Each structure stands twice: as structure tokens, then as C-alpha cells.
Amino acid sequence: YILKVNDFNRVAKTPLEEWIYYLNTGNVPEHATAPGLDKVKEQLKLDRMSREELKAYYKHLDNIVILRDNIMTERAEGRAEGRAEGRAEGIKEGVEKSRLDMARSMKTDGLPIETIAKYTHLSTEEIEKL
């Protein structure tokens, strides 16, 4: 196949014409849909950057990677902390429920409130409410 890019009328209608337009002008048509031209467009942006702009761009990409890593680390630490707090609360609630159940049983058995308070570490008001 021979492609005559010099005879191209600069109005790209098909993917092949979009590629011909790029090869002829060095620019990608604004609304190009041809496969691969999106990658060419991104590469052209990089190629047209000055050395300082390119350095800043890569530094920005590095910062994004670092930021994502920090976010993932913080999430993991937050989850671990949340689980630890949840377990501690669960244990505390379990112990509290156990003490209340024990006090209720002791009260049902007719033990004096002072004795129940001594062994369950509940206040006499809490025991009386049971």
C-alpha cells in the first residue's frame, strides 16, 4: 500500500485519515477516535514539555504515588485501630453483662446487697435497680 500524505485534505473522517493527519502534521486531531492515537497524544504532551516541566511532571507523579501509599497505610492502621477498639468495647460489654447477670442471680438467691456489691463491684443503686 502507498499512502500519499501530501494529497491529504486535512479533514480526518476515518481512523486511517486521523493517523494520516497525525503523520502529515505531527498533531493529533482534537476529536480523534482512532485506536492508539490517545497514547500518541499523551506522548506528544510529554515530548513538548521543557526539561523543567518534565521534571515537575515526574515529581508530581511521584507525589501521587506517595500520597496513595500514605492513604492506604492510614486506612490499614485505622482499620486495625478500629478493630482493637471494637474488641476492647466488646470485652468490656461482655464483662459488664456478666457482672449484671451474676448480680441478678445473687439477688434472686436472696444474698444481701452489700455482699453482691462486694463481689460484683456494682453500686448498691445499680443492684437495687435489677
Task: For the chain, calculated [θ]222 nm from helices alone, where every DSSP H run of n ≥ 4 adds -39500 (n - 2.57) - done: -24500 deg cm²/dmol
Task: ³J(HN,Hα), Karplus 6.51/-1.76/1.60, whole Hz, each residue of the range 120-128, x for Gly, Pro - done: 9, 6, 9, 6, 5, 5, 5, 5, 5
- [ ] Once every Cα of the range 23-65 carries one equal point scatterer and solvent is ignored, give the base-10 log of I(q)/I(0) from the Debye formula at q = 0.13, 0.16, 0.32, 0.35 Å⁻¹, two decimals.
- [x] -0.38, -0.54, -1.07, -1.18
Open item on the list: Apply the Karplus curve 6.51 cos²θ - 1.76 cosθ + 1.60, θ = phi - 60°, to the phi angles in the range 16-31 and return the couplings in whole Hz, x for Gly and Pro.
Closed with: 5, 5, 5, 5, 4, 4, 4, 5, 7, 10, x, 10, 9, x, 4, 10
Task: Average accessible surface area per residue within the chain, 1.4 Å rolling probe, Å² - done: 83
Task: Computed magnitude of the charge dipole of the chain (debye, nearest 20; Cβ of K, R +1, Cβ of D, E -1) - done: 440
Open item on the list: Whole-Hz ³J(HN,Hα) for each residue in the range 49-66, computed from phi via Karplus 6.51 cos²θ - 1.76 cosθ + 1.60 with θ = phi - 60°, x for glycine and proline: what do you get?
Closed with: 7, 6, 4, 5, 5, 5, 4, 5, 4, 5, 5, 4, 4, 4, 5, 5, 4, 5
TODO: Could you tell me what percent of the accessible area of the range 76-130 is made up of carbon and sulfur, with a 1.4 Å probe and every protein chain present?
DONE: 54
Open item on the list: Please list, ordered by chain and number, the residues whose modelled amide H lies under 5 Å from the amide H of Leu122; skip anything fewer than 5 residues away on the same chain.
Closed with: none
Task: Distance cut-off 18 Å, percentage of C-alpha pairs in the chain lying past it - done: 75
- [ ] Using amide H atoms built 1.01 Å from N in the peptide plane, name the residues 5+ places from Met49, or on other chains, whose amide H lies under 5 Å from its own.
- [x] none
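The values are calculated or read from the model by the stated rules, or taken from the named source; none is laboratory data. No experiment lies behind these values; they were computed from the predicted model shown. Note: ideal-geometry Cβ built from the backbone for every residue, glycine included; neighbour counts use all protein chains shown. The area values use the complete protein model at the heavy-atom level, side chains included, leaving out ligands, DNA and RNA. Shrake-Rupley method; radii C 1.70, N 1.55, O 1.52, S 1.80 Å.
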